[in-house]
Structure formats: structure tokens, C-alpha cells
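Below: one structure, written as C-alpha cells.
The values are calculated or read from the model by the stated rules, or taken from the named source; none is laboratory data. A quick note: this is a predicted structure, and the numbers were derived from the prediction, not measured. Here Cβ is always computed from backbone atoms with ideal geometry, including for glycine, and neighbour counts include all displayed protein chains. We work out accessible area using only protein heavy atoms, side chains counted, and drop any ligands, DNA or RNA first. Shrake-Rupley method; radii C 1.70, N 1.55, O 1.52, S 1.80 Å.
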Amino acid sequence: MKIRDIVNRDIVTLTNCEHEPIHIPGKIQPHGFLIGVTSNWKIDFCTENIAVYLNILHTQVLGKDFTAVFGSETQKQILEYSNEDKIQDVFPLETELFGKLFQISIHKSHDIYVLEAEPQFPDKEKLVDVYTQTIQFVTQMNNTKSLKDLCALVAHGTREITGYDRVMIYRFDEQYNGEVFAENCREDLEPFLGLHYPHTDIPAQARELYIRNELRLIVDIDYQPVPIFTVDDQEHKNLDLSLSILRSTSPIHVEYLKNMGVGATLTISPIHHGRLWGLIACHHYSEKNISPEIRLAAKLQGQFITSQIDIRQSNDENINAQKTNLALEQLTSLDLPIIQDSLETITAAPQLLELCNAAGVSIVSRGKIYKNGLTPCDEKITKLIEEIYAKGKNEIFTTNKISDEFPEIAQDSNFAGIIYHSLGNNDHIIWYRPESITEINWGGDPEKSIIKDSNGLHPRNSFNIWKQIVKNQSSIWRQYEINAAIQYAHTLHNQLILIMLSEEEEKYRNQSEILKETNSELENINWISTHDLQEPLRKIQLITSKMLSELDVISIESISNSLHRVSKSANRMSGLLEDILKYTRIKNTRDKLQEVDLNKILKSTIKEMHESIAESTAVIEHENLPEVHAIGFLMRQLFINILQNSLKYAAAERQLKIKITASQEPVLMHDRYKVYCHWVRFSDNGIGFEQKYSESIFKVFTRLHTQEQYTGSGVGLALCKKIMQAVGGDIRAEGKPNVGTDIIIYFPCDAEDALSPI
């Protein structure tokens, strides 16, 4: 029978060191021996050092039946142990081999049962001691709140249980760079707490083994690896030692530990959601081994951490998350009108920044950019959105390092991190964070983790603190912040849809109102053309017919009176035609609105009406009037009609007084979600009217009195109504019989706020 060793002698190079086959080294550490047994109980693998522990050579064992070497009783114990599902259990099988007591760890590697035997510890701890220590730890654990406090307690407890010189809780980031998150060590040792180590210190294949095998021992860093031999009966025969307790370590890793001055290590793997969260790394500065009971207690420490990560991280983030939730609640509960300008209020609300702890925010809607806090210029915001869409990240996009994704945008920018969310219909919201310059202390230069010289590859031998300044990135967006931003983005999206629907509804309502009013105007114009215009025409026809029939007998005086009456009727007809023409020519002219000083308009109006005002002995008082968005000549026509209305309906028994007042500051007034910002009130002490007619007096050709009582066409106030509609404002009337009339006109803040007719 031919035998050979299975030592892996592949040369590790810079190109393959991250794929070093560390799971099949073909050798073990010497503090125990290993045999591999087939399913039919043939010994197929055996380490060379079996002779150190038993009075037998590996050459005498290989290829033999297990019972022939170790006896049927030992085989029976192993079978019973295996049937009790104790394979890979921390508690090994305790048995006697050749008169010596051993603890045997058993696991299955493909179709081979791997038996790893270590001499039984003479002073092994009892289960009751492990139980007592565990209960004490759990009691103390319940008194911690944060994850950092828990990890500090685990570091202290693990060192107390195991007796190692240094215990570190090593936490990985997303790229598997590590940070010493908690530490407990001898007082004379230099602390490593807070140091960072690059992901290359623990390559991918090593991390995979830490997941598969949660506890790893190196008893003596200066050990001489023991080769594994096998029956040479097939090519490429090997043994996977991923789950082995005794597996020999990568020589590069051993040299790494030697460079740190370490003599022995224990490594425990906290696994969180199937991912290697970090490591509990125990270092001793001389050789050290620990019993299975202590190994179990140490392994429990890692499980304590992983069982508490979600809870402790939740506690750590709870206060900030509560603030975020409060800001979200306050923001969504704002009582806002369903109009586009509500975005100004939303953007200015401090809660919009607080909900994801941002420094700035911008909302882009209908081509307009609303901003608050630390934001880039409008041009850069537009460019950023274009770049996001160009890269297909047009729904949700989050980064704390914008330079990685959009280096051109990052140049000369005052922000480094963003949360972007599409609001649909080419609308967007972006939160911003500024650059957060960070100083990281590395345990050695992370760029020199592997060094190549004439003798091959070596890990770095300098662990002096190497400082790195990290720029061009913001603080990391926490998941609860991202969730809050997404949640509010959906709320804002719905708000924009409501605004659009409201505007469409308002548009159709306005069109309906305009159509209704137009129909009413047509009816009135039809009525005036068939009634008011025919009445003076009939008078002219009657007078002229009578004059023609009496030409022989009519006197000069009678002719003069008849012609005077004809002229009066003609003038009446001319006035009606002129008013109809004025009324029909007024159209919606909001695109031509300008800043108009109403003081100048009033002054020129009073000057033009001087004779009429003097003839009626009316007294006009006025305050300072605002500047409004309107059309100058229409405002002049508006003021003339309002003042003429007051002069026409003055009370005979008292002197007419007209008082003009105005809002001195913009005033918000809601009416079907319309916002008026300025008002002007014309108050007189004339004959007044019943309030029930406050709407009808603005209808074209509507008169509350007969032509004989008060002259006029009934177009004046209807003209005023149409003028205010044309500039996006409104006009209303308040009256009391024999007390007076108030005419109030309302103007929007600016041209974009021009109101639809009511």
C-alpha cells in the first residue's frame, strides 16, 4: 500500500493571495492529532503526529479498519455520539484511546468523518462554573443599553472567562474594513481601541471560513505544522478542513500575528443575518490553550452580541428616530391649501430638514426650484437631476459620496451626500449634506497590507498608527432617515397630484362660471338691444313722425322742443352703445399685468372728475394706497366707475362723503383656496341698498331703481366686476339702506397669484 501527504504546496502570489486555499492546507496544529474515516470505517487520513500521543505510527493506521486499531467499544461510543446529533458540537466526545483520555471533536467533510483528538484537560472547568459565569454575564448584559456598552461588557467578560491578555471586539463596515469597537487588555499593553484595519487583513476566503466555523484557535504561534497523510489511491485526493478545530493556519496570517508579537489567539465569529458582523479576537502573548467548557463560554459571548445587535442598534438610534418620526408627523399634519404656492411653506418648514437630519433641501416642481438651507445653485440642481436620470437612478438614489457617482457635479460643490426621490411628472426632491472630514487611525498603512520581497509575500511588519484624512463624503444616511425621506416623498407626491387635480377642477369651474356669465351677458345684451335701445329709438320715431305730420302748423318753439327730445334719446342710445362696447372689449389680460401705484391712479381720477365732485359738493378722504399688479388704464376706469356710482346714488338729505381705505401690508384671505393679498375699500354715506342685492348689482344692465329716479345704463358695476376679473382679483359690495355702500376690491400679491373669477 502506497501513502503520501496531502500538504498544499501551491505558491501564493500577489494575484492569487486573496484566493489562497486555506480550507485545504493538508496539515494541522500539533496540539492534537487527526484521523479521517470513510463510511465503511476505513482509516483514510491520519496525521504524522499520532505517534506523539499514541504508541502507533501513521503508517500503521492508514488503510486499516477502525475497530482493528481502536477497538469496537470506541467505535460504538463514536456511533452513539454521532446519532445524538453531537457532530460539530462544542462539547467533544470524551473517550479513552490506548489507555489515555482524549476529547474528540467530530465533523463530516463530504463523505469522510473527521476525528480530531486532543488530550483531556486535567483541570477542566465544570459545567456548573460555565453556567454560573453565563448567568452573571446575562444579568450584567441586561443593564446595558447601547451596542457599544454591550461590546465593552463582552470584551471584559470574555477576557475574564478565557484569561487572554487582550480581547477585542472587531466590527466590520460594508467593505469589511474593521474597527476595534471595544477592548479589554492588560494594563501594561498599548490599547488598540478605535484603530481601523483594512479588509485585506482578513481576505474573503478567511471571512467565509469564519462564517462556517465560528470558533478558531491558534495555541502556539510558533508551532510546526503537522502533515496529513492518506492512502494514495486516487489523483488530487484532499481533505476539506473548513470545520476543523486543529486546521493549520495560512503562513501569511501566522507571520502577520508574529509581527504583532502575538503568541496565541482565539477568534469567535458573531454572525448577523447570515453576514460576518465582526470578530471577537483574543490575543495572548505566549502560548495558550483552553478547555472545551471555556471554548463554549467564549462562543456564547459571540452569540450574545449577535442576539442583541438589532435591539441595541435600535436603542442607539431610537432617540434620533423618534425625532425623525416627530418631524415627519408634524410635516404631514401641516394645514396647507391645495395650491402650488404651498410648496414655499413646505420647503421653509424646519421639519423637512429634521426628518432626515439634512442640511439643505430642494424641491423642483413645474420647472420652479424651491430651496432651503445648504443647497447648490439652481443650475447645478438641474444638472444633478439630469445626471441621475442619465445613469438610470431616476426613482430613489442615496449616497454619502457624490464624487463617486458624479465627479463633475462634485467639483466646487458645497454638498457631498444626497437623498434623491422622484415625485413624478418631472418633479423632484433632494436632501443634501455637506462634506464631513474624518480622521481615521489605521493600525498600519492600509495600502501596505501585503509586501513582496526576494523571499516571497509577507504581511506588513509595521503596526504604527497611520492617520488618514477622509474627505469628499458626508456622514452616512441612516436607514431610518432614508425611510423617513421616502415616506414623505410619497406624501409630497400625493400633495402635488391633489394640487394638479384641484387646479384642473378650478379651471373647469372657472370655465363653467365664465360660460354661465357669458350666457347671462348675451341674454342681457339681447335684452338691452330689444328693450333699452328700442325705447329711445321709438321716441325718436314718434317725435319725428309727429313733426312731419304737423309741418304746416308746428311752431318754432315746438320744433325746438321736439329736436331737443330727439337729441336726448339719441344721446341715451349712444351712451348705451358705448357702454356695451366697453363691456365687451374687456378681456383676461393677466399676462400684461404690471406694478401699478394706486395713489397715482386715484389722484388722476379725482382730477378728471373734479367738476362732477365739486357740483355734488362731495368730500373724498383717502389713505395711502398699495402698489398692485394690474393694468393702469383699467384701474383708472375702475376708480371712475366706483366714484361715479357713489355720486349718482348720493342721499339728498346729507352731504356725500367718500372714504377710501386700504390694507397697508399683504393680507392672506382664503376663498375657495384663492389668496388675496391687498384690498381697497370705497365707503360712502349714500342711499345704500339691501344686502340681498350684493351679487345682482354686479350683473350687466341690472338696476335697482328706475331710469326716472336715477339715470344710467346699469353697466357701471358690471364693468368694475369684469375689470377685476381681468386682473385676477375680485370685487364685492356691502350695503345698508339709507346708511351707505361699501365697494371692496381685492388684488393678488403678484402676477402669478392672479385669481380666477369667482
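Couple of notes before you dig in:
Yes/no matrix, rows are residues, columns are (1) of a type in the set (Ser, Thr, Tyr); (2) at pLDDT 90 or above; (3) within 18 Å of Phe229 (Cα to Cα):
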| site | (1), (2), (3) |
| --- | --- |
| Met1 | no, no, yes |
| Val37 | no, yes, yes |
| Ile43 | no, yes, yes |
| Tyr53 | yes, yes, yes |
| Ile56 | no, yes, yes |
| Ala68 | no, yes, no |
| Glu73 | no, yes, no |
| Lys100 | no, yes, no |
| Tyr113 | yes, yes, yes |
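- Residue in region 628-649 that is over 21 Å from Gly740 (Cβ atoms), of a type outside the set (D, E, K, R) and open to solvent by 40 Å² or more (accessible area, probe 1.4 Å) present: yes
- Filter pass, Leu533 being out of contact with any Phe, Trp or Tyr (no Cβ under 7 Å at 6 or more places or on another chain) and at pLDDT below 65: yes
- Hits in region 495-526 - residues which are among the β-branched types (Val, Ile, Thr) and at pLDDT below 70: Ile514, Thr518, Ile525
- Scanning region 601-627 for residues that are open to solvent by 30 Å² or more (accessible area, probe 1.4 Å) and not acidic (Asp, Glu) yields a total of 13.
- Those residues of region 99-118 which are touching a helix residue (DSSP H, G or I) at 6+ places or on another chain (Cβ under 8 Å) and loosely packed, with under 14 Cβ neighbours inside 10 Å, in sequence order: Lys100
- Hits in region 54-72 (condition: outside any loop (DSSP other than H, G, I, E, B) and either under 19 Å from Glu116 (Cβ atoms) or not acidic (Asp, Glu) (or both)): His58, Thr59, Gln60, Val61, Phe66, Thr67, Ala68, Val69, Phe70, Ser72
- In region 258-284, the residues that are among the basic types (Lys, Arg) and open to solvent by 40 Å² or more (accessible area, probe 1.4 Å) form Cβ pairs under 7 Å with partners that are at pLDDT 90 or above and not in a strand (DSSP E or B), at six or more places apart or across chains, as follows: Lys258/Ile221.
- Residue within region 325-344 that is more than 23 Å from Ile497 (Cα to Cα) and either open to solvent by 70 Å² or more (accessible area, probe 1.4 Å) or acidic (Asp, Glu) (or both) present: yes
- Total residues in region 139-152 satisfying the condition of being in a helix (DSSP H, G or I), touching a helix residue (DSSP H, G or I) at 6+ places or on another chain (Cβ under 9 Å) and either open to solvent by 30 Å² or more (accessible area, probe 1.4 Å) or over 19 Å from Leu296 (Cβ atoms) (or both): the figure is 6.
- Qualifying positions in region 251-307 - part of a helix (DSSP H, G or I) and among the aliphatic types (A, V, I, L, M): Ile252, Val254, Leu257, Met260, Ile294, Leu296, Ala297, Ala298, Leu300, Ile305
- Filtered residue count, region 375-402, keeping only those that are more than 16 Å from Trp477 (Cβ to Cβ), open to solvent by less than 70 Å² (accessible area, probe 1.4 Å) and in contact with a helix residue (DSSP H, G or I) (Cβ under 8 Å, 6 or more places away or on another chain): 6
- Among (1) at pLDDT 90 or above; (2) open to solvent by 40 Å² or more (accessible area, probe 1.4 Å), the one test that Gln234 misses: (1)
- Condition met for Gln351 (modelled with pLDDT under 85 and either surrounded by fewer than 19 Cβ atoms within 10 Å (Cβ to Cβ) or not β-branched (Val, Ile, Thr) (or both)): no
- When residues of region 486-509 are limited to those that are polar (S, T, N, Q) and open to solvent by 60 Å² or more (accessible area, probe 1.4 Å), the one farthest from Leu353 (Cα to Cα): Asn494
- So Lys674, is it among the charged types (D, E, K, R), surrounded by 17 or more Cβ atoms within 10 Å (Cβ to Cβ) and either modelled with pLDDT of 90 or more or closer than 16 Å to Gly728 by Cα (or both): yes
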